[in-house]
Amino acid sequence: MELLPPYVEADLTAPLRDYWLKREGQHVKDVYAGVRIQKMPEDLRVYEHLLWISRADTVIELGTNHGGSALWFRDRLTTMATTYGRIEEPRVISIDRDHTKAVEAIGAAPPGITLLTADLQDEDLPDRVSALLAPGARCLVVEDTLHAYETTKTALDRFARFVPVGGFFVVEDGIVDVPDLRPDKDLPRGVLPAIHDFLAANPDFRVRRDLERYGLTCFPGGFLERVNALDGREAAS
Ligand SMILES: C[S@@+](CC[C@H](N)C(=O)[O-])C[C@H]1O[C@@H](n2cnc3c(N)ncnc32)[C@H](O)[C@@H]1O
């Protein structure tokens, strides 16, 4: 296991797209605390902003893989709680249909993290997640599974309920639907159409393109904020 990501050089005479493709290839081989993490530093910085401004105390992560991102979210929430007193009970619930790699890398029960092994499409999954939440939990939901239409739409339809007003649902890797950003012809598609269809039926969410602060992001159009609770309820736990 490499402890550093692959080296990327910024050639200022080459097209920006060349740099983008190198960075995209790098981000799937990055490392956090000795464990593979698949997020760009720029996107991790945006996550820090979202956690801070929304006072999220719970991250519901759909797609664990090796578990580096679950560790990263756990550590950011723990710092918000213990160093800054911004939240009280940090918690990460990370879901994957196969936790073999994660258990090998971070153990079956890492402190502050619940690994919930299930398929995103399982109908009882939202209720199983709900049963794990502390009363009044303020959740940030991260969709990072297959990046196809069906999985993205299912994630939004079934897990948006956990996001409170002023909270965020982040749909990762909309780059699969942007020709200039798409890195591999064999990847699935349908993330951005799924967001579009979800928003058409859920005007209580809006896209925050202004949060793509660093120019480079793997999540174009994927930062969704809940702006009000149309039916008068706060987020359901
Ligand atoms: C891109 S990786 C997650 C990366 C991780 N969040 C990170 O940033 O390091 C996608 C994961 O989603 C899982 N996955 C794909 N389809 C799924 C489904 N239908 N239900 C649950 N997990 C799924 C895969 O097993 C894989 O581990």
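The values are calculated or read from the model by the stated rules, or taken from the named source; none is laboratory data. None of these values were measured; they are calculated from a predicted model. So basically every Cβ, Gly included, is an ideal-geometry build from the backbone, and we count neighbours across all protein chains shown.
For A131, state whether it is free of Cβ contacts under 8 Å to residues at least 12 places away in the same chain, hydrophobic (A, V, I, L, M, F, W, C) and under 23 Å from D96 (Cα atoms).
Considered against the rule, which asks whether it is free of Cβ contacts under 8 Å to residues at least 12 places away in the same chain, hydrophobic (A, V, I, L, M, F, W, C) and under 23 Å from D96 (Cα atoms), A131 comes out as yes.
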(message) Go through (1) in a strand (DSSP E or B); (2) more than 16 Å from the ligand (Cβ to nearest atom) for R36 and report which single condition fails.
(response) (2)
(message) As an exercise: evaluate I93 against (1) outside any loop (DSSP other than H, G, I, E, B); (2) away from the ligand (no atom under 13 Å from the Cβ) and give the number of the one condition it does not meet.
(response) (2)
(request) For L3, work out the one condition from (1) part of a loop (DSSP other than H, G, I, E, B); (2) modelled with pLDDT of 95 or more; (3) within 16 Å of the ligand (Cβ to nearest atom); (4) in contact with a Gly (Cβ under 7 Å, 6 or more places away or on another chain) it doesn't fulfil. (result) (2)
(request) Go through the range 136-153 and give me each residue that's within 12 Å of the ligand (Cβ to nearest atom), surrounded by fewer than 24 Cβ atoms within 10 Å (Cβ to Cβ) and among the aliphatic types (A, V, I, L, M). (result) L146, A148
(request) Could you pull out the residue among V31, V59 that is in a strand (DSSP E or B) and free of Cβ contacts under 8 Å to residues at least 40 places away in the same chain? (result) V31
(message) Just the residues that are more than 18 Å from V142 (Cα to Cα), away from the ligand (no atom under 13 Å from the Cβ) and surrounded by 14 or more Cβ atoms within 10 Å (Cβ to Cβ), please, taken from the range 96-125.
(response) P110
(request) Pull up the range 96-126, narrow it to residues that are among the hydrophobic types (A, V, I, L, M, F, W, C) and in a loop (DSSP other than H, G, I, E, B), then point me to the one that is nearest to the chain's Cα centre (by Cα). (result) L120
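Which is at pLDDT 95 or above, touching a Phe, Trp or Tyr at 6+ places or on another chain (Cβ under 9 Å), closer than 20 Å to L50 by Cβ and of a type outside the set (V, I, T), of F219, F198?
Details: F219 fails: touching a Phe, Trp or Tyr at 6+ places or on another chain (Cβ under 9 Å).
After applying the criteria, what remains is F198.
Filter the range 1-25 down to the residues that are of a type in the set (D, E, K, R) and within 23 Å of the chain's Cα centre (by Cα) and list them by number.
Initial filter on the range 1-25 (of a type in the set (D, E, K, R)): 2, 9, 11, 17-18, 22-24.
Passing the criteria: K22, R23, E24.
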(request) Scan the range 154-164 residue by residue and report those that are in contact with a helix residue (DSSP H, G or I) (Cβ under 7 Å, 6 or more places away or on another chain) and either within 13 Å of the ligand (Cβ to nearest atom) or of a type in the set (S, T, Y) (or both). (result) R158, F159
(message) Name the single residue that is surrounded by the fewest Cβ atoms within 10 Å (Cβ to Cβ) among those in the range 165-199 being without any contact (Cβ under 8 Å) to a residue 60 or more places away in the chain, within 14 Å of the ligand (Cβ to nearest atom) and part of a helix (DSSP H, G or I).
(response) V176
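Among the residues of the range 157-164, is there at least one that is exposed (fewer than 15 other Cβ atoms within 10 Å of the Cβ), more than 14 Å from the chain's Cα centre (by Cα) and touching a residue at least 40 places away in the same chain (Cβ under 8 Å)?
Going residue by residue through the range 157-164, those that are exposed (fewer than 15 other Cβ atoms within 10 Å of the Cβ) are none.
The answer is no, given that none of the residues of the range 157-164 is exposed (fewer than 15 other Cβ atoms within 10 Å of the Cβ), more than 14 Å from the chain's Cα centre (by Cα) and touching a residue at least 40 places away in the same chain (Cβ under 8 Å).
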